[in-house]
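Enquirer: Just dropping this structure here.
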Amino acid sequence: MFLRAVVMAASLAATLAGALPAAADTLRTLAESAGIRIGTAANVDALDTDAAYARLLAREFDLLTAENAMKFSVVQPERGRFDFTQADALVEFAEAHAMQVNGHVLVWHQQLPDWLTQGQFSRDELAAILREHIRTLVTRYRGRVASWDVAAEAVDEDGRLRETFWSRGIGPDYLALAFRWTHEADPQAHLRYNDYGGEGGGVKSDGIYDLVAGLRRKGAPIHGVGLQMHASLKDAPRASEVRINMKRLAALGLQTHISEMDVMLSLPASRADLRAQAALYRDMLQACLAVPQCRSFSTWGASDRYSWIPEFFPGRGAALLFDTDLQPKPAYRGIRKVLGASAASARRH
Ligand code: 9MR
């Protein structure tokens, strides 16, 4: 009787394993063996309304960034009234599927509520508002949100500190303060600076380097840099320069992340463009895998069904790994191949 039960259990296990051959081949399984996290920005409304999209995220990714759910105007729509509905939904989804969460974003000059941008505040009042915002949000998710994009896009195209609502209102030290306040609220969290257009070489990349080097010198608790990587086929950094940039950031003691990659195409996307897009994704992932301090690779959305590109760049889109029917594109297969090769060589070592 006992033996029969064992045999039945074994055959059931074999049947189940046979029914799920893809599990070993998902991006997240391969990324784990390769030693990095594979992430995406998540659309919280879609998680609620689109079950196939939610399943896709849980199957392929092990790191989620809130595309909008944790931004200032969503979390604190009125002064002192915090709304965590969307942020909670995101964190709970991630926990249910053993995914890490990257909190996005604490101090940024966009998606700020009117009460803040239209208000008249002294420097001290503004600093107190930011401190309270950070304290409330970060404390709520202490131990549950593994990393935070503390600050984003603070460097201008010319490499200098961007003049923003925050730099005007508090002064240039708002960045060092934001890192300190975040660290106080969750001393275990990995704290990142996140920007676009400085992934490879150039003035902006140098400006970002100088900024984070300065923060390190001042003793600010900054641990990583997110290189966003919003690209097009005509406008993308060279992978070799991305690698060099990651290495110089690593020499400062900083981890790096490809934090928001997408590659916009002209619509309708041609097969040649989809192939070139796949090559770009592969190259950037390879650059990340070549630098031990590059710890995660995230795309800004998973499926072309939900992407910011068509809204912001009419006539362009098809920028992500899955199409509008949630079907894998050449870019997905390219990423999977690179992760697979890296996972296999990691196992050999
Ligand atoms: O994808 C986000 C889009 O839904 C918002 O409307 C937009 C508001 O500016 O922000 C987009 O996400 C941005 C991210 O938060 C920071 N880096 C650039 C991203 C694309 O604009």
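The values are calculated or read from the model by the stated rules, or taken from the named source; none is laboratory data. Keep in mind that this is a model prediction, so the values were computed, not measured. Cβ: placed from backbone, ideal geometry, glycine included. Neighbour counts: every protein chain shown. Each accessible area value is taken on the protein alone, full model and side chains, heavy atoms only, with ligands, DNA and RNA left out. Shrake-Rupley method; radii C 1.70, N 1.55, O 1.52, S 1.80 Å.
Enquirer: Do we have Ala31 as within 25 Å of Leu227 (Cα to Cα) and part of a loop (DSSP other than H, G, I, E, B) here?
Expert: Considered against the rule, which asks whether it is within 25 Å of Leu227 (Cα to Cα) and part of a loop (DSSP other than H, G, I, E, B), Ala31 comes out as no.
Enquirer: I need the full set of residues from region 291-308 which are open to solvent by 50 Å² or more (accessible area, probe 1.4 Å) and within 16 Å of the ligand (Cβ to nearest atom), in order please.
Expert: Once the filter is applied, which keeps residues that are open to solvent by 50 Å² or more (accessible area, probe 1.4 Å) and within 16 Å of the ligand (Cβ to nearest atom), region 291-308 yields Arg305, Tyr306, Trp308.
Enquirer: Something else about it: Since Val107 meets every condition but one in (1) within 16 Å of the ligand (Cβ to nearest atom); (2) farther than 13 Å from Trp181 by Cβ, which condition does it not meet?
Expert: Against the list (1) within 16 Å of the ligand (Cβ to nearest atom); (2) farther than 13 Å from Trp181 by Cβ, Val107 comes up short only on (2).
Enquirer: Next question. If you take just the helices (runs of 4 or more DSSP H) that sit entirely in region 71-132, which of them hold at least 2 residues that are aliphatic (A, V, I, L, M)?
Expert: In region 71-132, the matching helices (runs of 4 or more DSSP H) lie at 72-75, 85-96.
Enquirer: I'd like the full set of residues that are hydrophobic (A, V, I, L, M, F, W, C) and surrounded by fewer than 18 Cβ atoms within 10 Å (Cβ to Cβ), limited to region 65-83.
Expert: Phe82
Enquirer: Then there's this: Looking at region 208-220, I want the residues that are closer than 16 Å to Asp156 by Cα and have a partner that is assigned to a helix (DSSP H, G or I) and modelled with pLDDT of 95 or more with Cβ atoms under 8 Å, at least 6 apart or on another chain. Which pairs are those?
Expert: Note: pairs meeting the criteria are Tyr209/Asn245; Tyr209/Arg248; Tyr209/Leu249; Leu211/Leu175; Val212/Leu249.
Enquirer: Which one of these is within 16 Å of the ligand (Cβ to nearest atom), at pLDDT 95 or above and closer than 28 Å to Arg333 by Cα: Glu67, Glu32, Glu95?
Expert: Within the list Glu67, Glu32, Glu95, the selection yields Glu67.
Enquirer: Right, here's the next one. Scan region 315-349 residue by residue and report those that are in contact with a Ser or Thr (Cβ under 7 Å, 6 or more places away or on another chain) and open to solvent by less than 40 Å² (accessible area, probe 1.4 Å).
Expert: Correct list: Gly317, Ala319, Leu320, Leu321, Phe322, Leu326, Ala343.
Enquirer: Now, a different point. Under 8 Å between Cβ atoms, which residue pairs at least 6 apart in sequence (or on different chains) link something in region 99-111 that is more than 17 Å from Gly226 (Cα to Cα) with a partner that is within 6 Å of the ligand (Cβ to nearest atom) and not hydroxyl-bearing (Ser, Thr, Tyr)?
Expert: Gln111/Asn68
Enquirer: Still on this structure, please answer the following. Can you name every residue in region 154-191 that is open to solvent by 20 Å² or more (accessible area, probe 1.4 Å) and out of contact with any helix residue (DSSP H, G or I) (no Cβ under 8 Å at 6 or more places or on another chain)?
Expert: If the condition is that a residue be open to solvent by 20 Å² or more (accessible area, probe 1.4 Å) and out of contact with any helix residue (DSSP H, G or I) (no Cβ under 8 Å at 6 or more places or on another chain), then Arg162, Glu163, Arg168, Pro172, Asp173, Arg180, His183, Pro187, Gln188, His190 are the ones that fit.
Enquirer: Among the listed residues Gln286, Gln293, Gln277, which satisfies the condition of being within 17 Å of Thr40 (Cβ to Cβ) and among the polar types (S, T, N, Q)?
Expert: Sole residue among the options that is within 17 Å of Thr40 (Cβ to Cβ) and among the polar types (S, T, N, Q): Gln277.
Enquirer: Starting from residues that are within 16 Å of the ligand (Cβ to nearest atom) and free of Cβ contacts under 8 Å to residues at least 12 places away in the same chain, keep the ones in region 309-349 and report whichever is farthest from Tyr53 (Cα to Cα).
Expert: Out of the qualifying residues, it is Pro314.
Enquirer: Are there any pairs with C-beta distances below 6 angstrom linking a residue in region 48-67 that is more than 21 Å from Ser33 (Cβ to Cβ) to a residue that is more than 16 Å from the ligand (Cβ to nearest atom) and open to solvent by 10 Å² or more (accessible area, probe 1.4 Å), with the two at least 6 apart or on different chains, and if so which?
Expert: That search, which allows pairs on different chains as well, returns Ala52/Leu326.
Enquirer: Could you tell me whether any residue of region 192-199 is open to solvent by 20 Å² or more (accessible area, probe 1.4 Å) and part of a helix (DSSP H, G or I)?
Expert: No, that holds for no residue.
Enquirer: Which residue is surrounded by the most Cβ atoms within 10 Å (Cβ to Cβ), if the candidates are limited to region 35-64 and must be among the charged types (D, E, K, R) and either within 16 Å of the ligand (Cβ to nearest atom) or over 29 Å from Ser342 (Cα atoms) (or both)?
Expert: Only one residue fits best here, namely Asp50.
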